[in-house]
Structure formats: C-alpha cells, structure tokens
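The next block holds one structure in the form of structure tokens; read it before the comments.
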Amino acid sequence: MTRSLILAGVGGQGTILASNILAQGLINQGYDVKMSEIHGMAQRGGSVNTQIRFGKKVYSPMIASGEADLILAFEKVEAVRYLNYLKPGGTLIVNDYEIYSTTVLTGQEKYPTDVLDKLKDTIENLFVIPAAKIAKDLGNIKAQNMVLLGAAVKALGIVVDTNWQDVIMAYLPERYHNVNIRAFKEGIEAV
Amino acid sequence: MKKILTGNEAIARGAYEAGCQVAAAYPGTPSTEILENMASYKEIYSQWSVNEKVALEVAGGAAIAGARALCAMKHVGLNVAADPLFTLAYTGINGGLVVVTADDPGLHSSQNEQDNRYYALHAKIPMLEPSDSQECLDYIKYAFQLSEDFDIPVLFRVTTRVCHSKSLVTLGQRQDVRVKEYKKDVKKYCMIPGFAKFRHPVLEKKLKKLRELSNESPLNQIIWGDRKIGIITSGISYQHAREVMGDNASYLKIGLSYPLPDKLIREFAQRVEKLYVVEENDPYIENFVKSLGLDCIGKDAFPICGELNPEIVQRVLVPEKEQKTYCVDVQVPARPPVLCAGCPHRGIFYALKKYKDAVVTGDIGCYSLGILPPLSVTDTLICMGAGISAGIGFEKAFLQGDKDTKVFGVIGDSTFFHSGITSLIDAVYNNSKLAIIILDNRTTAMTGHQENPGTGKTLDGDISPVIDIKEIVRAVGVKPENILVVDPYDLVQTQEAVDKAYEAVEPFVIIAKRPCALLKEVQKQRAKLKCAINQEKCTKCKVCLRLGCPAIAFKEGVMTIDETACNGCTLCMQVCRFGAIERMSK
Ligand SMILES: Cc1ncc(C[n+]2csc(CCOP(=O)(O)OP(=O)(O)O)c2C)c(N)n1
C-alpha cells in the first residue's frame, strides 16, 4: 500500500529540508519513494508544499485530494489551505505558529483567530504542537522543522525503523547537529 | 548504487555518464538546476551563457567541433533559441547535441504554459520525453546516441513535475568518449541558400528513418493490462494514469514522441476497446492519433489548461469513485509572494509610486513583484527584454496620440544582459525619451542566485571580468549627464533620480545598485543591522506598511518589526514622518 504525506508551510521554514530527511529515512527502510515539490517563488514568502509518497512501487509523485495519510503543517492557516488533501481518518499535525502574509500585514485580509478550535472540532487525529516554542527554548527557532519531523515520524509509527539521527546529521552541518537532534527527539515526545 | 534524485539532477548525471563534454544554459525555472549540477562534474566544461540563443549556439558550435554537448532552458527560453535550433537541424552535428526544454504546465513560475512538443515537429528534430528521474538519466544517454546515429540535434522535453520531483535512480559509470575529429565541410555547415536547399531533403530523409525507428524503439512500449481501456500517454501523465488505473487499463507509453509511432499506435488502438489519450496541455498526441483516422478521447475530457494530476485523471477515467475529505469554515488568507525584507528593488518602486500618471513597463525577475499591492507600480510584463522595448512602443504610441505620458522601463541586471542591451540601443537609436531603470542587485535572484556577466564569477565560481553596466550604457550613447547610479536604500537620492528621469526628454538611465538581501555575504554583513519601532512615537499612521515589507506588521493594535526578518535597510525609517522608527545594531 502506498502512503502519502504532505508537508505544508511558508518559504523559509525548512519544509524542504525536513522532506528530504524524511524521504531518505524511508528509502533506508527499503521503500520506493517519490517526492514532489515546487520551487521558484517559494523563497519569497509564498506558501510551499512538498508531497511524499512511499510504498512498494510508486508511480505518480502527486497526491489526489482526500488521499493524504498525514499532513504536517508548519503554520496554522497552511493546515487549512491543504486540508482537502486529508484522507478521512488521516492525521493532521499543526505547528502552533502564525506567519502573517502581506495581505494580512497591510490589512487587506484578517488572519483567522479560530483555526485551532475549528480544526479540533473537525479532525479526529489532530496534534497541535508548539514546535516554534520548543525550538526557541532549545536555542534556535529554525529547528522547528526538526520538532515537526520528529512528530511526523512518531505519528507514522516509523521511529525505530531508521537511524534518524544519522540521516539528520548527514543533511546538516556539524554545528547544528546537537540542537536539531534534540529538537527531533522533542518532536517524538510531543505526539 | 541507488540514489534519490530530482529529474534535473538525473539529467546532469545522465549527461555525465554519456560522456558529455560541453554544456551551456541560461537559468530558468524549472530547468536551472541542470547546469548547476553539471558544474559539479569537473569532466564537463559548463557555462552560464548570457541568454538561451547564445547557449544553444555555444553548444551547437561545440557539437559541430566534435564534442558531446548539452544545452538546457525553460520552455520560453526555446523561443529565444529557436533561430539556431531550426538551422542546426539542417547542418546536423558531429558530436551529439541534446537540447533540454523544461516546460511548465500549470505556470508554477512562468509567464505562459506553451507546449514545446510542437518545436520538435516544427524544427524537424526527434524528441524524447522521460517520466521520472531514472528515465531522465537513461534517456539522456539514449539521446546522445540517437543524435550521433542520425546526425541531428535531439529535443529533450521535460516538465516541472519531472524536473522537480524526486525518485530513485541507479547510477552508472562515465562512458569514455573522445572529442571527435572536426573536418571542414562548408556544404554541411555553411547554410547559405545554395547549400541549405540541399540539406533540407537530407533532413527529410532522416525524419523518414526516424519514423520507422519510433515504431521499434524500446522507448515506445505497450504495457498490457485490462483491454477495456487503452491509454496513450507520455511523460508525467503516464505516471498519473498508471497510478490511477494500475492493471485496470493497458498503456502505450511514449518516450520517443517525435516522430510519433504510427504503426504502434494503430496496433494498440485495434486491440483495446476504448482509447484515451492522456497528455498535459495541448492535444499533441491526440491530433496525431486522429490524423490516423482513429477514434480517441482526449481534450474533450481532459483540460488543456493547467497541469494534470492523479485526481483529474481519476475524475475522467473512474468518475464513480468518490473523494471524501475534510473541510473547515475558515477564511484562509492568500499568501502571494512578496519582495523580501531588505530587498533593494523596493526603494525604486516606492519612488516610482509618486508618478501615478506615468506608465511603467516591467520585466521578469524578482522585481516583477512591483506589480502587486501595495506597490502596484508596473503596467506590463511580457518577456525578458520587453521592459525596455515595450516601453519604447508605449512612448511612440503616446506620441502618435498626442499624449506626453512619461514611460519608465524597468529591468534587472541579468535580464539586461540577456536581452536588454539590444533594446537599450534601440531606444537610443530611435531617439526615445524612455526612462530606463536597471535594477542591479548583483545576481540573478529570481531563479536562485546564479552568477551573471556583472557579478565577476562564472558558473564554476572562477573569477571573470566584471562587465560594467554603466560603461555599456555610456558606450551605447546615453549622455553621461543622463546616467545616474543610485543606492536604492537611500530614498532621497533614489527619489531625486526618478524625479530627474521623469523630466528628461532624452533617453535616461538610472542604475540602482545594491546587492540582493539574500546573498550569503550580504546576510552575514547585515546580520546585526535592524530597525525597531519606538512605540511612544508611533502614531499608527501605517505609512510604513505601504512599503509592503514582510517584516513590518500591524498586530493586535501595535506596529511591529520582525527582527529576524529585518536587515536594517532603513526604508521604513526614511518614510516615517514621526521619527518613530530607529536603527539599532544588535
Ligand atoms: C527567456 C527566458 N529565460 C529565462 C527566464 C527565467 N527568468 C525569469 S527572470 C530571470 C532572471 C532575473 O534576474 P534579474 O533580471 O537579475 O532580476 P532579479 O531576479 O535578480 O531581480 C530568469 C532567468 C524567462 N522568464 N524567460
């Protein structure tokens, strides 16, 4: 059975790095893996998403709506933006973190205040994780992506199948190893 | 060894394994990473060219000289390179020549979604279409061989989802290929009419043979499943169709898509009950199938506009399957891309905003974002170079209509080198009073910071002469008093220059010089520079918000500056009338 994941966030949050690490970990477990992402304007504060599919044999790198087993949202409204991909009974992990878009900053639109309440009312398998706060307490807010990665790995039930620490270290310069591995572990604990 | 690679990485790897010796490109999403990866193989000479036409001429020259050469570009780049392409089909090559066109169905980062498969048909050269990263690698090797076997350039057509999706690839060894001997042969390589007319029939003969090959090529294969539904497809569309239908359909998967395999298509059509063509954008395969007198369902059911995905394919082929998901009642704010905090382009657009009566013809690059609110300055965006040339047209048309509306043309540094210089000459030559603003942020930012002739470095990172934009402008004949170099972080200086340009009655050029805020060196240098709001002085007039800086926010009734995003450019400080924004050094 092919399983499908979406990582959604805002340019600059480290979604692509988290996706790369996740994909490599899955490959190490012997899965066929396909991954799709859109570059381009991503760096300029736009909404970004990566789709990962893994199983015995994967054809399309893209996920149909209602087919994602897991959505890992790095930002609250991004969770809602991609919610239509979530499979009934699928898991949603949301970073309790807000990034205002320019339309909100300049007052053209309002940032919704009740996102988490509405999600709680609708999604059975919901985990809200203060990843930004956890990472900040660890000394580097940028490690929030590793907190979320840890949470996703736990939710997928694949914590022990890969030596995640090694994969993370292979993707990061040495001086960032410590904080990122601690962030990853806290993410596992948070689910 | 198996590795997960993007299609672009696999194309570079395939070229390396095929013994490719020379590669040239101009960046453009989704093709950019092909050359960036080629540069990591020291056996290949790789270069950024100034534009796609030049790149293809470099690669074409290298191929005629005897090297295996590759040229890569985004789809619209092939419009620029079309001129050499059509004639290289006549001359043929010597060493293999592969031209990669990366199309962008869905316009993820392009100004149109043209379907470049027609270029193969039009230029009369064979075309290959891989559907995943392994095929990118394998087909590139096949492409070089095909090119040499038939003495013809090969078009290698990929799309965003092939370029930027990752899948597992088995790596091989580099083939030991030598640069072939070059022999002078003017009847083959000098396309004066008298020689060219003999090369056209040669090309037609090659095409005839290629048509036969297409029917037998292993790249065009039938995968039998349930024969109630037969699907002819190519590229990423094959993967979507196979994902949705599995063994519940049969497939004719086309990898060599020009010339299309007529016999194979007939055979397949005869042996299935209902025939579908699943392809992105235009009915390229469908029209061919229909021209064979065969019935099929294509664009009646599948969209021409936008990219395909498994969901769209499923809706057509398995309409009874219901898709269930969740929905919450939340108004999701849009997240349009914006100029970064500290972007040097912002100052110019802010200064231009003063002239509501002026027309601003824009161009392509990060500064395209000057179109969107709150800056909302730019009037047009067409193609690279048109920022200047369309401005000349506007000005001449206004003159014809007895209007003296001021026209500004805005263009980036990489775009200026790409195709702005000729436009600038046109402006000077034709006595235009266009005011041109060259946004020199010392890099090709939009596509991810590639070097260009103004940065002093090549693709390999080697030092090269810095080509001075100001000297070019002067050499072209813009009067020295009509050339101003400004720092766009200095709003007073910038506004003065724009005011002067507005009044000018001769070609006028402002060069706004300040490196991109995202360049690593710049980020390091400015890491400690920040601006902050003095809440006691802030009157919440929100003038600073008009800059559209993503670091400035009005949150819960207070103005704030996000210090992780701010780089201390001080534009907000300069527009604040109450002295409520202060510079800090942390
Ligand atoms: C013919 C063509 N080639 C390539 C592209 C892709 N592309 C768009 S803008 C751009 C370069 C922009 O660089 P520059 O003009 O320096 O502006 P910046 O992004 O740095 O502000 C490129 C390569 C294109 N749109 N059209």
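The values are calculated or read from the model by the stated rules, or taken from the named source; none is laboratory data. For clarity, every value in this text was computed on a predicted model and none was experimentally measured. Every residue, glycine as well, gets a Cβ built from its backbone with ideal geometry; the counts of neighbours run over all protein chains shown.
Among the numbered criteria (1) on the phi < 0 side of the Ramachandran plot; (2) within 14 Å of chain A (Cβ to nearest Cβ), which single criterion is violated by B:Gly342?
(1)
In this structure, does B:Asn431 turn out to be within 16 Å of the ligand (Cβ to nearest atom) and of a type in the set (S, T, N, Q)?
On the way: within 16 Å of the ligand (Cβ to nearest atom): no; of a type in the set (S, T, N, Q): yes.
Criteria not met by B:Asn431.
Inside region B:243-297, can you point out the residues that are in a loop (DSSP other than H, G, I, E, B) and surrounded by fewer than 20 Cβ atoms within 10 Å (Cβ to Cβ)?
In the first step, residues of region B:243-297 are kept if they are in a loop (DSSP other than H, G, I, E, B); the result is B:249, B:255, B:259-261, B:272-273, B:279-283, B:292-296.
Residues satisfying the conditions are B:Glu273, B:Asp282, B:Pro283, B:Leu292, B:Gly293, B:Leu294, B:Asp295.
Can you tell me which residue in region B:381-398 is farthest from B:Tyr26 (Cα to Cα), limited to those that are within 16 Å of the ligand (Cβ to nearest atom) and touching a strand residue (DSSP E or B) at 6+ places or on another chain (Cβ under 6 Å)? Talk me through it step by step, then tell me what you get.
Restricting attention to region B:381-398, the residues satisfying the condition of being within 16 Å of the ligand (Cβ to nearest atom) are B:381-391.
Add one more test, that the residue is touching a strand residue (DSSP E or B) at 6+ places or on another chain (Cβ under 6 Å), and what stays is B:387-388, B:390-391.
Details: B:Gly387: 19, B:Ile388: 20, B:Ala390: 22, B:Gly391: 24 Å.
Filtering first and then ranking leaves B:Gly391.
Within region B:391-412, can you find the residues that are hydrophobic (A, V, I, L, M, F, W, C) and closer than 23 Å to B:Thr447 by Cα?
If we filter region B:391-412 for residues that are hydrophobic (A, V, I, L, M, F, W, C), which is where we start, we get B:392, B:394, B:397-399, B:407-408, B:410-411.
Once the filter is applied, which keeps residues that are hydrophobic (A, V, I, L, M, F, W, C) and closer than 23 Å to B:Thr447 by Cα, region B:391-412 yields B:Val410, B:Ile411.
Being within 15 Å of the ligand (Cβ to nearest atom) and either within 14 Å of chain A (Cβ to nearest Cβ) or among the hydrophobic types (A, V, I, L, M, F, W, C) (or both) is the filter here; which residues of region B:361-380 pass it? Break it down stepwise before answering.
Of region B:361-380, the ones within 15 Å of the ligand (Cβ to nearest atom) are B:361-372, B:375, B:377-378, B:380.
Selection gives B:Ile364, B:Gly365, B:Cys366, B:Tyr367, B:Ser368, B:Leu369, B:Gly370, B:Ile371, B:Leu372, B:Leu375, B:Val377.
Being closer than 24 Å to B:Asp138 by Cβ, of a type in the set (A, V, I, L, M), within 14 Å of chain A (Cβ to nearest Cβ) and away from the ligand (no atom under 12 Å from the Cβ), is that true of even one residue in region B:36-59?
Scanning region B:36-59 turns up no residue that is closer than 24 Å to B:Asp138 by Cβ, of a type in the set (A, V, I, L, M), within 14 Å of chain A (Cβ to nearest Cβ) and away from the ligand (no atom under 12 Å from the Cβ).
B:Thr455: within 14 Å of chain A (Cβ to nearest Cβ), within 14 Å of the ligand (Cβ to nearest atom) and of a type in the set (Ser, Thr, Tyr), yes or no? It would help to see each step written out before you state the result.
Working: within 14 Å of chain A (Cβ to nearest Cβ): no; within 14 Å of the ligand (Cβ to nearest atom): yes; of a type in the set (Ser, Thr, Tyr): yes.
Criteria not met by B:Thr455.
Run down B:Val100, B:Val162, B:Val169, B:Val154 and say which single residue is among the hydrophobic types (A, V, I, L, M, F, W, C), within 16 Å of the ligand (Cβ to nearest atom), at pLDDT 95 or above and surrounded by 24 or more Cβ atoms within 10 Å (Cβ to Cβ).
The conditions single out B:Val100.
Within the bounds of region A:47-56, is there any residue that is in a helix (DSSP H, G or I) and at pLDDT below 95?
Taking region A:47-56 first, the residues in a helix (DSSP H, G or I) are none.
Looking for residues that are in a helix (DSSP H, G or I) and at pLDDT below 95, one finds none in region A:47-56, hence no.
Between residues in region B:411-429 that are in a helix (DSSP H, G or I) and residues that are within 7 Å of the ligand (Cβ to nearest atom) and of a type in the set (Val, Ile, Thr), which pairs lie under 6 Å by C-beta distance while being six or more apart or on different chains?
Hits for this filter: B:Ser414/B:Thr444; B:Gly420/B:Ile411.
Would you tally the residues in region B:103-127 being among the small types (Gly, Ala, Ser) and under 13 Å from B:Glu307 (Cβ atoms)?
Going residue by residue through region B:103-127, those that are among the small types (Gly, Ala, Ser) are B:106, B:109-110, B:120, B:123.
Going one step further and asking which of them are under 13 Å from B:Glu307 (Cβ atoms), we end up with B:106, B:109-110.
The number of residues fulfilling the criteria is 3.
Quick one: B:Ala24 ticks every box in (1) over 23 Å from the mean Cα position of the chain (by Cα); (2) within 16 Å of the ligand (Cβ to nearest atom) except a single one, so which number is it?
Answer for B:Ala24: the failing condition is (1).
B:Lys209 passes all but one of (1) in contact (Cβ under 8 Å) with a residue 40 or more places away in the chain; (2) buried (at least 20 other Cβ atoms within 10 Å of the Cβ); (3) not hydrophobic (A, V, I, L, M, F, W, C); which number fails?
Of the numbered conditions (1) in contact (Cβ under 8 Å) with a residue 40 or more places away in the chain; (2) buried (at least 20 other Cβ atoms within 10 Å of the Cβ); (3) not hydrophobic (A, V, I, L, M, F, W, C), the odd one out for B:Lys209 is (2).
Residue by residue, here is whether (1) surrounded by fewer than 23 Cβ atoms within 10 Å (Cβ to Cβ); (2) in contact (Cβ under 8 Å) with a residue 24 or more places away in the chain; (3) of a type in the set (Phe, Trp, Tyr) holds:
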residue	(1), (2), (3)
B:Cys366	no, yes, no
B:Gly370	no, yes, no
B:Thr380	yes, no, no
B:Cys383	yes, yes, no
B:Gly387	no, yes, no
B:Gly391	no, yes, no
B:Ala397	yes, no, no
B:Gly401	yes, no, no
B:Lys406	yes, yes, no
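Within region B:311-328, identify whether any single residue is touching a residue at least 12 places away in the same chain (Cβ under 8 Å) and within 16 Å of the ligand (Cβ to nearest atom), and answer yes or no.
no
How many residues, within region B:530-548, are within 14 Å of chain A (Cβ to nearest Cβ), in a loop (DSSP other than H, G, I, E, B) and surrounded by fewer than 20 Cβ atoms within 10 Å (Cβ to Cβ)?
Going through region B:530-548 one residue at a time, the tally reaches 3.
How about region A:127-170: which of its residues are surrounded by fewer than 17 Cβ atoms within 10 Å (Cβ to Cβ), modelled with pLDDT of 95 or more, more than 19 Å from A:Ile16 (Cβ to Cβ) and among the aliphatic types (A, V, I, L, M)?
Matches in region A:127-170: none.
Could you list, in sequence order, all residues of region B:450-489 that are assigned to a strand (DSSP E or B) and touching a residue at least 60 places away in the same chain (Cβ under 8 Å)? Can you show your working first?
Start the filter on region B:450-489 by keeping residues that are assigned to a strand (DSSP E or B), which leaves B:450, B:457, B:463, B:483-486.
Within region B:450-489, B:Gln450 is the sole residue that qualifies.
Go through region B:308-336 residue by residue and tally those that are out of contact with any His (no Cβ under 7 Å at 6 or more places or on another chain) and either away from chain A (no Cβ under 14 Å) or part of a loop (DSSP other than H, G, I, E, B) (or both). Steps first, answer last, please.
Going residue by residue through region B:308-336, those that are out of contact with any His (no Cβ under 7 Å at 6 or more places or on another chain) are B:311-312, B:314-336.
Within this subset, residues satisfying the condition of being either away from chain A (no Cβ under 14 Å) or part of a loop (DSSP other than H, G, I, E, B) (or both) are B:318-336.
Qualifying residue count for the region: 19.
Residues checked against (1) of a type in the set (Gly, Ala, Ser); (2) outside any strand (DSSP E or B); (3) facing chain B (nearest Cβ under 7 Å):
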site	(1), (2), (3)
A:Ala79	yes, yes, no
A:Pro88	no, no, yes
A:Ile93	no, no, no
A:Tyr97	no, yes, no
A:Lys120	no, yes, no
A:Phe127	no, no, no
A:Lys142	no, yes, no
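Hey, which of the helices (runs of 4 or more DSSP H) in region B:141-233, taking only ones fully inside, have at least 1 residues that are touching a Gly at 6+ places or on another chain (Cβ under 9 Å) and polar (S, T, N, Q)?
Values: elements: B:160-163, B:186-189, B:193-216.
In region B:141-233, B:160-163 are the helices (runs of 4 or more DSSP H) which contain 1 or more residues that are touching a Gly at 6+ places or on another chain (Cβ under 9 Å) and polar (S, T, N, Q).
Quick check on B:Tyr189: is it more than 14 Å from every other protein chain (Cβ to nearest Cβ), within 16 Å of the ligand (Cβ to nearest atom) and among the hydroxyl-bearing types (Ser, Thr, Tyr)? Spell out the reasoning first.
On the way: more than 14 Å from every other protein chain (Cβ to nearest Cβ): yes; within 16 Å of the ligand (Cβ to nearest atom): no; among the hydroxyl-bearing types (Ser, Thr, Tyr): yes.
Here the answer is no, as B:Tyr189 does not meet what is asked.
Can you tell me which of B:Cys305, B:Cys343 is within 27 Å of the chain's Cα centre (by Cα), buried (at least 17 other Cβ atoms within 10 Å of the Cβ), in a loop (DSSP other than H, G, I, E, B) and not charged (D, E, K, R)? Please lay out each step first, then the result.
Numbers: B:Cys305 fails: buried (at least 17 other Cβ atoms within 10 Å of the Cβ).
Just one listed residue meets the conditions, B:Cys343.
Among the listed residues A:Val58, A:Val33, A:Val104, which satisfies the condition of being facing chain B (nearest Cβ under 9 Å), surrounded by 19 or more Cβ atoms within 10 Å (Cβ to Cβ) and touching a Leu at 6+ places or on another chain (Cβ under 6 Å)? It would help to see each step written out before you state the result.
Values: A:Val58 fails: touching a Leu at 6+ places or on another chain (Cβ under 6 Å); A:Val104 fails: touching a Leu at 6+ places or on another chain (Cβ under 6 Å).
Step by step, each of A:Val58, A:Val33, A:Val104 is checked, and only A:Val33 is facing chain B (nearest Cβ under 9 Å), surrounded by 19 or more Cβ atoms within 10 Å (Cβ to Cβ) and touching a Leu at 6+ places or on another chain (Cβ under 6 Å).
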